[in-house]
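Accompanying notes for the structure given below.
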Amino acid sequence: MKLINNKEKAFTLAEIIIALLIIGISVAALTRLAINYIVSLSLAKEQLLAIYVTQEGLELATALRNSAPTGSNNRFQVPINTTSNAISTYCLDFNSSSKEITTTTDCAVSWNRKFTREIIYQTLARANPGGDDYIISIMSSSTYNQEPRFSLNQKIVHTGYIR
Amino acid sequence: MTKKNKAFTLIETVVVIMLFIFAIVIIAQLYISLTKAALDLQQRHIAINSIHSGLEKIYSELKNGFSFTITDNSILFKDKLCETAMINFDSNRLLLYYNSSSLFNKDFVELEDVKIYGYNPSTTPSASYYYQHSSSTKLIVIDYYFYIKSPITTKTPLFIRQSIAPLNSSKAQIVNRCKFE
């Protein structure tokens, strides 16, 4: 008969707890990844809003330029520094009660105050040497003011008479 | 014969089983929550894409349109091919139509109300560069009161304001657009 020295060693409680801890940490890390993914997807609504907030800025500036009163010395209807590359910043909004475009000091967008929007006019050059037409770049820049913060910019170039 | 078998004690086994069950329950709950959230987000994505494509269609048509007649919930105009077109909100069916075609996927999006504003500042007709079409609409503003539907959570409101300055309001953009009419 052969003598058997059968020494079977089972896991100790400490080993099992450590193993469970490692599994727990791995699951937590994977869950966090999944949650981050979901949060980034849930921003889709805010990103959609940002598109329309920003685009509205350009449309308001365009409508202002296209509706300057006859004889106006400034087609853009907001004071613009015509020095080359000078920047002038304004906040424009549409008042649905009066149906007017307003220049405001409060840059929070009236229909969604989680966003602020600035309209940035930059003088690029004279359109006609010696004349009064200027080429103006208009940038609409909107910022989402809640976490996670992000900004969106859109730019358009207009020519307008400024005297 | 020396045989030394070392196994779990009853207490060790019970503790481990309890920990295991506890971990499984937590993981299962997380999995269920994440699956629900993912399904909800998928629905919302479809809704948002439907809204975006509908609004882009409206933007494109109104940007290139002209001769606007605007009421609180409809816009009658000429499109870029000089054809008569209409955008109107049916407040009974809660649907927004472009030439009788519904613009949003009603399975995912509910449109509670639409308000339309036209900006027509009074300017004297002049030959000046930008406002030859002095009586034309310089800005169209549309307020949309959406609800995004979800099979899991309650529907969520979404308000969007869309503004469009038609190209036609600037003389530089249009000269005899309908000359072949």
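May I ask you to list the residues in segment B:107-121 that are surrounded by fewer than 15 Cβ atoms within 10 Å (Cβ to Cβ) and farther than 24 Å from B:Pro166 by Cα?
Pass one, segment B:107-121, residues surrounded by fewer than 15 Cβ atoms within 10 Å (Cβ to Cβ): B:107, B:112-113, B:115.
Hits for segment B:107-121 are B:Asp107, B:Glu112.
Can you tell me which residue in segment A:26-80 is farthest from B:His52 (Cα to Cα), limited to those that are basic (Lys, Arg) and in contact (Cβ under 8 Å) with a residue 60 or more places away in the chain?
If we filter segment A:26-80 for residues that are basic (Lys, Arg), which is where we start, we get A:32, A:45, A:65, A:75.
From what's left, in contact (Cβ under 8 Å) with a residue 60 or more places away in the chain: A:65, A:75.
On the way: A:Arg65: 27, A:Arg75: 32 Å.
If we take residues in segment A:26-80 being basic (Lys, Arg) and in contact (Cβ under 8 Å) with a residue 60 or more places away in the chain, then A:Arg75 is farthest from B:His52 (Cα to Cα).
Take the residues in segment A:119-138 that are buried (at least 20 other Cβ atoms within 10 Å of the Cβ) and either within 13 Å of A:Leu60 (Cβ to Cβ) or of a type outside the set (Phe, Trp, Tyr) (or both); name whichever of them is farthest from the other protein chains (Cβ to nearest Cβ). Explain how you work it out, then say what you get.
Taking segment A:119-138 and keeping what is buried (at least 20 other Cβ atoms within 10 Å of the Cβ), we get A:119, A:121, A:134, A:136, A:138.
Right, trim to either within 13 Å of A:Leu60 (Cβ to Cβ) or of a type outside the set (Phe, Trp, Tyr) (or both) and you get A:119, A:121, A:136, A:138.
Numbers: A:Ile119: 13, A:Tyr121: 16, A:Ile136: 13, A:Ile138: 12 Å.
Looking at residues that are buried (at least 20 other Cβ atoms within 10 Å of the Cβ) and either within 13 Å of A:Leu60 (Cβ to Cβ) or of a type outside the set (Phe, Trp, Tyr) (or both), I get A:Tyr121.
Which numbered condition trips up A:His158, out of (1) at pLDDT 90 or above; (2) assigned to a strand (DSSP E or B); (3) not β-branched (Val, Ile, Thr)?
(1)
Pick from segment A:45-88 the residues that are at the interface with another protein chain (Cβ under 7 Å from one of its Cβ atoms), in a helix (DSSP H, G or I) and of a type in the set (S, T, N, Q): which of them is nearest to A:His158 (Cα to Cα)?
The qualifying residue nearest to A:His158 (Cα to Cα) is A:Thr62.
When the residues of segment A:115-148 are narrowed to those that are of a type in the set (D, E, K, R) and at pLDDT 95 or above, which ends up nearest to A:Leu43 (Cα to Cα)? Before the answer, list the steps.
First, pick out the residues of segment A:115-148 that are of a type in the set (D, E, K, R): A:117-118, A:126, A:132-133, A:147.
Going one step further and asking which of them are at pLDDT 95 or above, we end up with A:117-118.
On the way: A:Arg117: 19, A:Glu118: 22 Å.
Going through the qualifying residues, I end up with A:Arg117.
Condition (residue is surrounded by 15 or more Cβ atoms within 10 Å (Cβ to Cβ), away from chain A (no Cβ under 14 Å) and in contact with a Phe, Trp or Tyr (Cβ under 8 Å, 6 or more places away or on another chain)) applied to segment B:98-105: is it met by at least one residue?
First pass over segment B:98-105, keeping only residues surrounded by 15 or more Cβ atoms within 10 Å (Cβ to Cβ): B:98, B:103-105.
Checking which are away from chain A (no Cβ under 14 Å) leaves us with B:98, B:103, B:105.
This time we only want the ones that are in contact with a Phe, Trp or Tyr (Cβ under 8 Å, 6 or more places away or on another chain), so: B:103.
Checked segment B:98-105: at least one residue is surrounded by 15 or more Cβ atoms within 10 Å (Cβ to Cβ), away from chain A (no Cβ under 14 Å) and in contact with a Phe, Trp or Tyr (Cβ under 8 Å, 6 or more places away or on another chain).
Kindly list the number of the only condition in (1) modelled with pLDDT of 90 or more; (2) touching a Ser or Thr at 6+ places or on another chain (Cβ under 8 Å) that fails for B:Thr137.
The number of the failed condition is (1).
Can you list the strands (runs of 3 or more DSSP E) lying wholly within segment B:1-80 that have 1 or more residues being crowded, with 17+ Cβ neighbours inside 10 Å?
Working: elements: B:2-5, B:66-70, B:74-78.
Per the criteria, B:66-70, B:74-78.
Name every residue in segment B:81-97 that is surrounded by fewer than 19 Cβ atoms within 10 Å (Cβ to Cβ), without any contact (Cβ under 8 Å) to a residue 40 or more places away in the chain and not β-branched (Val, Ile, Thr), in order of residue number.
The first filter runs over segment B:81-97 and keeps only residues surrounded by fewer than 19 Cβ atoms within 10 Å (Cβ to Cβ), leaving B:81-86, B:88, B:90-95, B:97.
Within this subset, residues satisfying the condition of being without any contact (Cβ under 8 Å) to a residue 40 or more places away in the chain are B:81, B:83-86, B:88, B:90-95, B:97.
Matches in segment B:81-97: B:Leu81, B:Glu83, B:Ala85, B:Met86, B:Asn88, B:Asp90, B:Ser91, B:Asn92, B:Arg93, B:Leu94, B:Leu95, B:Tyr97.
The values are calculated or read from the model by the stated rules, or taken from the named source; none is laboratory data. Everything numeric in this text was worked out from a predicted model, so none of it was measured. For neighbour counting, all protein chains shown are included, and Cβ atoms are generated from backbone atoms with ideal geometry for every residue, glycine included.
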